[in-house]
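Colleague: Would you mind keeping the following structure in view while I ask a few things?
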Amino acid sequence: MNAPPTPMSMTFREPSKQIHVSCAIIQRDNLVLAVQRSSQMSLPLKWEFPGGKIEKDETPKTCLKRELLEELDVHVQIGDGMDPVTHAYQTFRVTLYPFLCTIESGSLYLREHAAFLWLPPAGLRGLDWAEADVHVLEAYLKLHRLPRGESL
């Protein structure tokens, strides 16, 4: 009979799958758009900044314009980029490339997500965010000088 593994014999393996994703922090009238993943998506019902996977030979900005049109039926003006954020989930690692955006045209229509909310920056922390997006959220809130402990 084999003995169970001891902590010394167990090793932590980094996920080998790497995904690159563009995401939009869409601002309107001092509010920010958050979208909720559907129950059929990975990370079900978690909140995130909208966007999607960067395809081969696609820039992060080109990806973002395509994804937002496909997922939300909106054309956006892409502004400043923020520093990329990498987060390791159990089975994959994701690098998010966030951009500050505004909607140029189109009416918000959810093709993949379960819900959306427009919230003031200080209200964003009250949502159950996907872990990678938490890092983007905190960096965005630092730009708005909202300390981590500020309550609603």
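Colleague: Pick out which of Gly81, Gly106, Gly51 has the largest mean-square fluctuation in a Gaussian network model of the chain, springs linking Cα atoms closer than 10 Å.
Modeller: In the Gaussian network model the winner is Gly106.
Colleague: Let me ask you something else. Gain in length, Glu131 to Ala115, computed as 0.36 nm per residue apart minus the alpha-carbon separation, to one decimal in nm?
Modeller: Numbers: separation 16, 0.36 × 16 = 5.76 nm, distance 1.82 nm.
Stretched fully, the Glu131-Ala115 segment lengthens by 3.9 nm.
Colleague: Could you work out how far apart the two model spin labels at Asp73 and Ile19 are, taking each label as a point 7 Å from the Cα in the direction of the beta carbon, and quote it in nm?
Modeller: Using points 7 Å along Cα→Cβ, the separation is 2.5 nm.
Colleague: Within straight cross-link reach of Lys56, meaning Cα distance under 22 Å, which lysines are found once same-chain residues fewer than 8 apart are removed?
Modeller: Result set, ordered by chain and number: Lys17, Lys65.
Colleague: On full extension of the chain, what length is gained from Ser38 through Glu138, given 0.36 nm per residue of separation minus the C-alpha to C-alpha distance? Don't skip to the end; give the middle numbers.
Modeller: Details: separation 100, 0.36 × 100 = 36.00 nm, distance 2.33 nm.
Roughly 33.7 nm would be gained on extension.
Colleague: Rounded to whole Hz and in sequence order, give me ³J(HN,Hα) for segment 126-142 from the Karplus expression 6.51 cos²θ - 1.76 cosθ + 1.60, θ = phi - 60°, writing x for Gly and Pro.
Modeller: x, 8, 8, 7, 4, 4, 5, 6, 4, 5, 5, 4, 5, 5, 5, 5, 4
Colleague: So, with +1 on the Cβ of K and R and -1 on the Cβ of D and E, and no other charges, what is the size of the charge dipole of segment 26-143 about its Cα centre, to the nearest 20 debye? All intermediate terms of the calculation are to be shown ahead of the outcome.
Modeller: Values: 12 positive and 17 negative charges, 28 e Å.
Charge dipole of segment 26-143: 140 debye, to the nearest 20.
Laboratory data are not the source of any read-out in this text; all were calculated from the coordinates shown. It should be emphasised that the depicted structure is a prediction, and the values quoted were computed from it without experimental measurement. Neighbour counts are summed over all protein chains in view; Cβ atoms, including those assigned to glycine, are modelled from backbone coordinates with ideal geometry.
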